[in-house]
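Engineer: Attaching a single structure in structure tokens format; questions to follow.
The values are calculated or read from the model by the stated rules, or taken from the named source; none is laboratory data. Keep in mind that this is a model prediction, so the values were computed, not measured. Every residue, glycine as well, gets a Cβ built from its backbone with ideal geometry; the counts of neighbours run over all protein chains shown.
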Amino acid sequence: MNKLVLAAAAAALAMFATGANAQAIRIATEGAYAPWNFLDEAGKPAGFEIDLGNEICKRAALECAFQVNEWDSIIPNLVAGNYDLIMAGMSITDERKQSIDFTANYFPPDPSHYMVRTGTKLDFDALSGKNIGVQGGTIQAGYAETTFGSTNTIKSFETADQALADLNAGNVDVVLADSSYISEIVAGSGGAIEVVGPEVMLGGGVGAGVRKADTELRDKVTGVIDAMKQDGSLDALIIKWFPDKAPGPIFAGG
Amino acid sequence: MELITAIANDLVILAKPALFNIYFAAASIPIGFVLAIFVALGKGSSSGLVSSLSRGFIYAFRGSPFFIQLFMFYSLALAFNLSLWKPLGIDWIVLNPLILGPAVLVLNTTAYTANILHGAMQNVPKGEIEAARAFGMNRLQLFRAVTWPNVIRIAWPAYTNEVVVLFHTTALVYFTLPVINDQKDLMNKAGELFEKDYNAFLHFPVAGLYFLGVSMIIFFVFGRVYRHLMRHLPQAPAIRFSPRWIRG
Amino acid sequence: MVDLLPQWLRDVLGQDVLFWLGYFTNGKHLSWYASVQYTLAAGAIGAAVALGLGVLSAAGRNSRFAGFRLLGKAYTNSLPGIPDVLFFLFFPLAFEQAVEWIRAQAVCTPAELALGRWPLCPDANLIFGSFEYLILAGVSLGIVYGAFAGNVISGAMNSVPRGQLEAARAYGMSPLQVLLRVHIRQMWAYALPGLSNIWMLLIKATSLLSLLQISDIVLWADRLGSPNFTRSAGLVHPDWRWGYYLVLLIFYILLTFLSEKLFTALQRWAGRGMATAGAS
């Protein structure tokens, strides 16, 4: 009996102790936003941000592990301490800065595009009665709500891929998302999906999210990102995953 | 005092979302009840095909989680959108969460209710049926005058539990279906409030209060109906609030 | 995985079959199949906790002390009034916050505590991964369905014929012997049908694990079935989700079927030598 109690106490202690281990960094990603982050054929997180995250950790001598977290609870779970860093194609915005902090951006401000099933004609100056698909809690969701919300229906999905599924099946007329996400889809859709209408500039680029109290981690990661911008390795990584950004330069020398 | 205002505040914010859960339940319960009568009769049918189809339907829906049924029917409905719903001009009905949600709830509650009704049909006193036959009643008369009144009395307590559980099940609808504009149900809204201030001990219990409150109202109303159904007895038995396991 | 097949079999199967065989055994699919363990683990933890709490609350309801009676009644009567998913989401969050709050009283500075902002301070922070959440998920399912089990078990305790207990006492058994050898021994025969129903509800509730960020069968089905048009992310395919969900549906129906068989056997075992419907 005593042994049992001891074992339980030891387990409880071990559970508390994990909170204090500072060198191991947990990075949350969504895993459903190719080519930014996705689950590869092996079932492991892969993509631009996974490559970048591993490189940052290598240079900063941190021990990193990626974990998958649904998009809509990704900020609350960072604040609650389930992980230390968010790398999930998250744009830097003033609204998000109220609850978390960001490192320097590792992807420049990127326009958002409208994608539709090929052949769909839309009048963006007087859009009404349309179904507009967005991923809930994104900058595009906020923009669509304020710009088109009064005369159109905004449908929010858990993941961008689900919005794409509904677009492809004709349940939404148009999806607003990052152009970096859309361009690969258009290329791979075999002509089924195309980009229409104006570009929309939203957000201040993509950065990694950290808890406000974690200034040390933020500065460390920002330092590495800045170094990677200078030596051109970040540009190379961006061009590897987003071929339409070639030939650059994107950050290098700037 | 601060706590009371916080609770009152949440109660006000969650009032509109609660209407969505109530709507989901109210839209699906009457339809499911009527369909269940046919499926229950089907299960007891002497035709082998009708009986096994009804049994299969009941088994499939009682044997699988509503959460997955909802996921599957949404993606299935989506797969037929361009080839079927669009040409027919009914895509805005079929894929509307306010229609599709209750539709899957209907299938679900039909299976559970049919099982309850079928069980009750088996327990109708044989003597009463024989007596009615001796009176020369035809099958329809027999069902209306003898079988059905017995069935509804036997099944009512279990059905009351089913209605409460169905109302609880509505909490899952908006976890799966895309949210349109700001149509949020209790769970969505409670989650949204939680993500703003991390006060789990306030928002979730208040949402729970709504579920508990509506459950109590259902028990009260259905209890009244039960007393009416049992008015021929000298002392009407009361429905016991609790065992949801009757549903299983 | 396909590489493991002998050459003659590969020739027989042909390129197309081999391709699909390879696709359905790639790492992503293997992760999906492997994630069944989370579903089963949550079910097993939930069942154990539910049974334990069921016995405790049934004992509480029949206790001599009014406090225990009240506690048992409050637990078994109030939890069935709210949806399982609500408690399922609430409990792990509440547990984590409660433990962090207690820790915070010890490790945070008074200034940080006075702010009252959540989280209270970095040192009080607990990092819960999937493993901890899986345990918490199982426990919260156990707490929800333990309330139902309490109802069933206390009803079953009352269903054991008084004559059996009196006969046992007449044989000179001590109160403890009567309880263990006769009362509880016979109780199972009356409780099993109800417990079987609770197990069926519990196993279906394990489909909710993905709501707690556990990579369970539902999350993988969604990720595998979602359309992919990005070539660098693997096979390009349209929306296949309904097929994956259909597999899950069949999986759960099979689980229900097997559980029914198991409980029928248990029922026969528990009812051996007794003159009840469950006896063979």
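Engineer: From A:GLY119, A:GLY89, A:GLY129, grab the single residue that is assigned to a loop (DSSP other than H, G, I, E, B) and either within 14 Å of chain C (Cβ to nearest Cβ) or touching a helix residue (DSSP H, G or I) at 6+ places or on another chain (Cβ under 6 Å) (or both).
Structural biologist: Going through A:GLY119, A:GLY89, A:GLY129 in turn, the sole match is A:GLY89.
Engineer: Taking the options A:PHE124, A:PHE107, name whichever one is surrounded by 22 or more Cβ atoms within 10 Å (Cβ to Cβ) and closer than 24 Å to A:GLY197 by Cα.
Structural biologist: When all the criteria are applied, what remains is A:PHE107.
Engineer: Only one of (1) modelled with pLDDT of 95 or more; (2) within 14 Å of another protein chain (Cβ to nearest Cβ); (3) closer than 18 Å to A:ALA88 by Cα is not met by A:LYS212, so which one is it?
Structural biologist: Every listed condition holds for A:LYS212 apart from (1).
Engineer: On the basis of being within 16 Å of the chain's Cα centre (by Cα), surrounded by 14 or more Cβ atoms within 10 Å (Cβ to Cβ) and basic (Lys, Arg), does B:ARG62 make the cut?
Structural biologist: In short, yes.
Engineer: While we're looking at this one, here's another question. For a quick check of your reading of the model, give me the residue pairs whose first member lies in region B:204-217 and is facing chain C (nearest Cβ under 7 Å), whose second is in a helix (DSSP H, G or I), with beta-carbon atoms closer than 6 Å and at least 6 apart or on different chains.
Structural biologist: Pairs found: B:PHE204/B:ALA190; B:PHE204/C:PHE90; B:ALA207/B:LEU186; B:ALA207/B:ALA190; B:GLY208/C:LEU86; B:LEU212/C:GLY81; B:SER215/B:VAL164; B:SER215/C:GLY81.
Engineer: In addition: I want to confirm something. Restricting to region A:71-86 and keeping residues that are more than 23 Å from A:GLY43 (Cα to Cα) and without any contact (Cβ under 8 Å) to a residue 60 or more places away in the chain, which single residue is farthest from the other protein chains (Cβ to nearest Cβ)?
Structural biologist: Ranking the qualifying residues of region A:71-86, first place goes to A:ALA80.
Engineer: Within region A:89-101, take every residue that is within 16 Å of A:THR138 (Cα to Cα) and surrounded by 15 or more Cβ atoms within 10 Å (Cβ to Cβ) and give me the one that is farthest from the chain's Cα centre (by Cα).
Structural biologist: Looking at the filtered set, the residue picked out is A:SER99.
Engineer: Starting from residues that are surrounded by fewer than 22 Cβ atoms within 10 Å (Cβ to Cβ) and within 20 Å of the chain's Cα centre (by Cα), keep the ones in region B:185-209 and report whichever is farthest from A:ILE154 (Cα to Cα).
Structural biologist: The residue in question is B:LEU209.
Engineer: Read through the list (1) within 14 Å of chain C (Cβ to nearest Cβ); (2) in contact (Cβ under 8 Å) with a residue 60 or more places away in the chain; (3) touching a Ser or Thr at 6+ places or on another chain (Cβ under 7 Å), then give the number of the only condition that A:VAL68 fails.
Structural biologist: Failing condition for A:VAL68: (2).
Engineer: Still on this structure, I have one more. Scan region C:91-105 and tell me whether some residue there is under 15 Å from C:GLY142 (Cβ atoms), more than 10 Å from chain B (Cβ to nearest Cβ) and not aliphatic (A, V, I, L, M).
Structural biologist: no
Engineer: Let me ask something additional. Here is a check on your reading of the model: is C:VAL2 of a type outside the set (D, E, K, R), within 30 Å of C:ASP84 (Cα to Cα) and surrounded by 15 or more Cβ atoms within 10 Å (Cβ to Cβ)?
Structural biologist: It is false that C:VAL2 is of a type outside the set (D, E, K, R), within 30 Å of C:ASP84 (Cα to Cα) and surrounded by 15 or more Cβ atoms within 10 Å (Cβ to Cβ).
Engineer: Tally up the residues in region B:121-143 that are surrounded by 15 or more Cβ atoms within 10 Å (Cβ to Cβ) and either among the aromatic types (Phe, Trp, Tyr) or in contact (Cβ under 8 Å) with a residue 60 or more places away in the chain (or both), please.
Structural biologist: Residues meeting the conditions: 2.
Engineer: May I ask you to verify whether B:VAL146 is over 16 Å from the mean Cα position of the chain (by Cα) and surrounded by 21 or more Cβ atoms within 10 Å (Cβ to Cβ)?
Structural biologist: Criteria not met by B:VAL146.
Engineer: Would you mind telling me which numbered condition in (1) modelled with pLDDT of 95 or more; (2) within 23 Å of C:ILE250 (Cα to Cα) B:PHE33 fails?
Structural biologist: It is condition (2) that B:PHE33 fails.
Engineer: Okay, next question. Here are C:LEU30, C:LEU53: which of them is under 29 Å from B:GLY208 (Cα atoms), surrounded by 14 or more Cβ atoms within 10 Å (Cβ to Cβ) and out of contact with any strand residue (DSSP E or B) (no Cβ under 6 Å at 6 or more places or on another chain)?
Structural biologist: C:LEU53
Engineer: Hey, which of the helices (runs of 4 or more DSSP H) in region C:175-280, taking only ones fully inside, have at least 1 residues that are more than 9 Å from every other protein chain (Cβ to nearest Cβ) and either basic (Lys, Arg) or at positive phi (or both)?
Structural biologist: The helices (runs of 4 or more DSSP H) meeting that bar are C:185-205, C:241-270.
Engineer: Can you tell me which residue is surrounded by the most Cβ atoms within 10 Å (Cβ to Cβ) among those in region C:110-168 that are charged (D, E, K, R) and more than 11 Å from chain A (Cβ to nearest Cβ)?
Structural biologist: C:GLU166
Engineer: Within region C:63-86, which residues are without any contact (Cβ under 8 Å) to a residue 60 or more places away in the chain and buried (at least 20 other Cβ atoms within 10 Å of the Cβ)?
Structural biologist: Of everything in region C:63-86, those that are without any contact (Cβ under 8 Å) to a residue 60 or more places away in the chain and buried (at least 20 other Cβ atoms within 10 Å of the Cβ) turn out to be C:GLY81, C:ILE82, C:PRO83, C:LEU86.
Engineer: Which is under 19 Å from the mean Cα position of the chain (by Cα) and farther than 27 Å from A:LEU78 by Cα, of A:GLU184, A:GLU158?
Structural biologist: So the residue among A:GLU184, A:GLU158 that is under 19 Å from the mean Cα position of the chain (by Cα) and farther than 27 Å from A:LEU78 by Cα is A:GLU184.
Engineer: Answer with yes or no whether A:GLU194 is closer than 24 Å to A:LEU78 by Cα and of a type outside the set (A, V, I, L, M, F, W, C).
Structural biologist: no
Engineer: Still on this model: Does any residue in region A:233-249 that is within 14 Å of chain C (Cβ to nearest Cβ) come within less than 6 Å, Cβ to Cβ, of a residue that is small (Gly, Ala, Ser) six or more places away or on a different chain, and which pairs are these?
Structural biologist: Listed by first residue and then by second, the contacts come to A:ILE239/A:ALA246; A:PHE242/A:SER180; A:ASP244/A:SER183.
Engineer: Just to verify a result, which residue in region A:144-186, among those that are in a helix (DSSP H, G or I), of a type in the set (Val, Ile, Thr) and without any contact (Cβ under 8 Å) to a residue 40 or more places away in the chain, is surrounded by the most Cβ atoms within 10 Å (Cβ to Cβ)?
Structural biologist: Ranking the qualifying residues of region A:144-186, first place goes to A:THR147.
Engineer: Look at C:VAL160 and say whether it is over 27 Å from the mean Cα position of the chain (by Cα), in contact (Cβ under 8 Å) with a residue 24 or more places away in the chain and more than 30 Å from A:ALA80 (Cβ to Cβ).
Structural biologist: So C:VAL160 fits the description; yes.
Engineer: If C:SER210 passes every condition in (1) free of Cβ contacts under 8 Å to residues at least 60 places away in the same chain; (2) crowded, with 23+ Cβ neighbours inside 10 Å; (3) assigned by TED's automatic domain parsing to the domain that holds C:GLY54 but one, which one does it miss?
Structural biologist: For C:SER210, the failing item is (2).
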